[in-house]
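Below is one structure, written out as structure tokens, with a few remarks after it.
The values are calculated or read from the model by the stated rules, or taken from the named source; none is laboratory data. Quick caveat, the model's predicted, so the values are computed rather than measured. Methodologically, a virtual Cβ is constructed for each residue, glycine included, from the backbone with ideal geometry; neighbour enumeration extends over all protein chains shown. Ligands, DNA and RNA are excluded from the accessible area calculation, which covers all protein heavy atoms including side chains. Shrake-Rupley method; radii C 1.70, N 1.55, O 1.52, S 1.80 Å.
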Amino acid sequence: MKILRIPAGIYAANCYIIYPEDKKEGIVLDPGGDVEDIIAAIDRNDLNIKYIILTHGHADHIGGVKGLKDKLGVPVMIHEKDRELLIDGDKNLSSVMAMGTVEIEPDVLLKDGDKIEFGGLAAEVIHTPGHTPGGICLKIGDNLFTGDTLFAGSIGRTDFLGGSYEEIIKSIKEKLVIYPDNTQVYPGHGPSSTIKNEKSSNPFLR
């Protein structure tokens, strides 16, 4: 599996382009901006993008969605509990952030346990509320894409609308660190990690 990371938008949220090594069908996860850079990476690797998937509905992760969808013409997916963020610039915070107001109606509403298939791979949706009510992580093989739930050495903020410290800790402990130590963690900001590293050194998990 190939994973391209593009720190996108003025807030440098990690946008991931994910596709199998033997096929050219992939997904884009969290396009927070810099649409032309994302398109260039897609074209450079001769990819056919099947879906745009959002780990949650905050502005720094959705800033490039409309532009990317206009160019690719593919469905936008988000968890059902974050739809209200995606369609409301006040709730997703874009109305007070530098990219300007972003309001998008999703095409597909996801639920915990859904499987998203592309290029012979399957992404499992893991509902991990706490940062937002509908925050999700994606598990693809031995890789976890954790959005703003789990970072290398930290966790997502819980002081925004719908956030909960208790819920995010429960999500991480009951749904993420249960995976094998060698599971790779690809967060929504910052460097990658592993489950082993987070269990041993993340101060929020002690």
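Given a 1.4 Å probe and heavy atoms of the protein chains only, how would you sort Met77, Met97, largest accessible area at the top? Display every interim value, and only then the final one.
Working: Met77 15, Met97 45 Å².
From most exposed to least exposed: Met97, Met77.
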Number of Lys pairs in the range 1-102 closer than 19 Å at Cα, excluding neighbours under 8 places apart unless interchain, is 12
To the nearest Å², the heavy-atom accessible area per residue of the range 31-181 with 1.4 Å probe amounts to 41 Å²
With every protein chain in place, the accessible area of Leu110 for a 1.4 Å probe, in Å² rounded to the nearest 10, comes to 0 Å²
Projecting the Cα atoms of Gly100, Val76, Leu110 onto the charge dipole of the range 63-125, where Lys and Arg contribute +1 and Asp and Glu -1 at Cβ, the residue farthest towards the positive end is Gly100
So the carbon and sulfur contribution to the accessible area of the range 67-206, 1.4 Å probe, in percent, is 47 percent
Output row, site Arg157, 7 Å Cα→C-beta label point, backbone N cut-off 19 Å, window the range 186-206, residues 187-191, 204
Reported to the nearest 10 Å², Tyr179 has, with a 1.4 Å probe, an accessible area equal to 50 Å²
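Can you give the charge dipole size of the chain about its Cα centre, rounded to the nearest 20 debye, using +1 on the beta carbon of Lys and Arg and -1 on the beta carbon of Asp and Glu? Can you show the working numbers first?
Working: 22 positive and 31 negative charges, 102 e Å.
Around 500 debye, computed over the chain.
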Here the alpha-carbon Rg of the chain over 2.2 N^0.38 Å rounds to 0.93
Calculated from DSSP helices alone, with each H run of at least 4 adding -39500 (n - 2.57) and the total divided by the residues of the chain, [θ]222 nm to the nearest 500 comes to -4500 deg cm²/dmol
Any aspartates and glutamates whose Cα falls less than 19 Å from that of Lys173, other than same-chain ones fewer than 8 residues away, would be Asp112, Glu124, Asp142, Asp148, Asp181, Glu198
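Could you pull out the GluC sites (Glu not before Pro) across the range 15-57 that fall in loop regions by DSSP (anything but H, G, I, E, B) with no more than 12 other Cβ atoms inside 10 Å? Provide the component values of the computation, followed by the final result.
Details: sites: Glu21, Glu25, Glu36; in loops: Glu21.
Passing sites in the range 15-57 are Glu21.
Sorted by accessible area (1.4 Å probe), largest first, how do Arg157, Arg44, Arg206, Arg83 line up?
Descending order: Arg206, Arg44, Arg157, Arg83.
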